[in-house]
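Here, each number is a calculation from the coordinates, and none is a lab measurement. Since the structure is predicted, the reported quantities are computational estimates derived from the model, not experimental observations. Using ideal geometry, Cβ is built from the backbone for each residue, glycine included, and neighbour counts are taken over all protein chains shown.
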Amino acid sequence: MKVIASQIRKGNVVEVDGQLYAVLSSENFHPGKGTPTTQIDMRRISDGIKTTHRYKTTEQVERAFVEDHDYQYLYADGEAWHFMNPSSFEQLQTNAQVMGDAAQWLKGQEMCSMTLFNGNPIAVTPPNFVILRITQTDPGIRGDTATGGTKPATMETGAVVRVPLFIEEGSLLKIDTRTGEYVSRAKEE
């Protein structure tokens, strides 16, 4: 669907020269003399490259309509990540490019939000918080807690998170996937 450039907002997906772009920001300029323009900062979905396009405010831009659906992460087989729609049991698979940083937070059975364009996945958003076990971290040294320092910890999915010094190997932690930060310890289920 074509819309005028001045109507494009952050979060929209536009199609330019056959490529899909996620809009990061959109700003309208109205000079005292000359033609008003709209500058759109966007990221190409296929490879993550940021670009800036400038349009006349009345120029037509192709807006792509995408759908967000909840899918359950099943497993990864080394080449693809497999997801299932819990209501229809339809399965989709994605590649590393679509997964991006989301892959480091998934161990199996999590519900993720998947963005689809023409039925094909273009982005995966993991849950905001995940519970993961530490597989490797240095032991804390007694007396080091006064400074409130942190140390790196490798989680069971391979993600590395900064944790407080008192956290030990084997602990379950609640992690914020949006920032990659430690939130709290979690209880065994």
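How big is the Cα convex hull of region 61-158 in projection, averaged over all directions, in nm²? Before the final figure, lay out the partial values.
Working: hull surface 37.3 nm².
Projected over every direction and averaged, the Cα hull of region 61-158 covers 9.3 nm².
Test of understanding: ordering R185, R63 by Cβ neighbours within 10 Å, fewest first, what list do you get?
Numbers: R185 14, R63 17.
Result, fewest neighbours first: R185, R63.
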For this session: State, as an integer percentage, the relative contact order of region 2-154 based on alpha-carbon contacts under 8 Å between residues 6 or more apart.
Result: 16
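So for region 67-125, averaging the separation of alpha carbon pairs under 8 Å that are six or more residues apart and normalising by length, what relative contact order in percent results?
Working: 105 pairs, mean separation 21.9, N = 59.
About 37 percent, as a whole number.
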Problem set entry | Size of charge dipole - the chain - debye, nearest 20, with Cβ of Lys, Arg +1 and Asp, Glu -1, no other charges | 820
Problem set entry | Bins of 10 Å, starting at 0 and running to the largest distance - Cα pair percent for region 1-145 | 10, 31, 25, 18, 11, 5, 1
For this session: Can you tell me the FRET efficiency between Q93 and H53 if r is taken as the Cβ-Cβ distance and R0 is 30 Å, rounded to the nearest 0.05?
Result: 0.40
Exercise. Taking Cα centroids, how far is region 72-128 from region 154-189 in Å?
Worked result: 22
Problem set entry | Expected 222 nm ellipticity per residue - DSSP helices of 4 or more, -39500 (n - 2.57), all of the chain, to 500 | -500 deg cm²/dmol
Exercise. Counting Lys and Arg as +1 and Asp and Glu as -1, what is the net charge of the other residues whose Cβ lies under 10 Å from the Cβ of M114?
Worked result: -3
Exercise. Taking K187 as the anchor, which aspartates and glutamates have their alpha carbon closer than 17 Å to its alpha carbon, excluding any fewer than eight residues away along the same chain?
Worked result: E156, E168, E169, D176
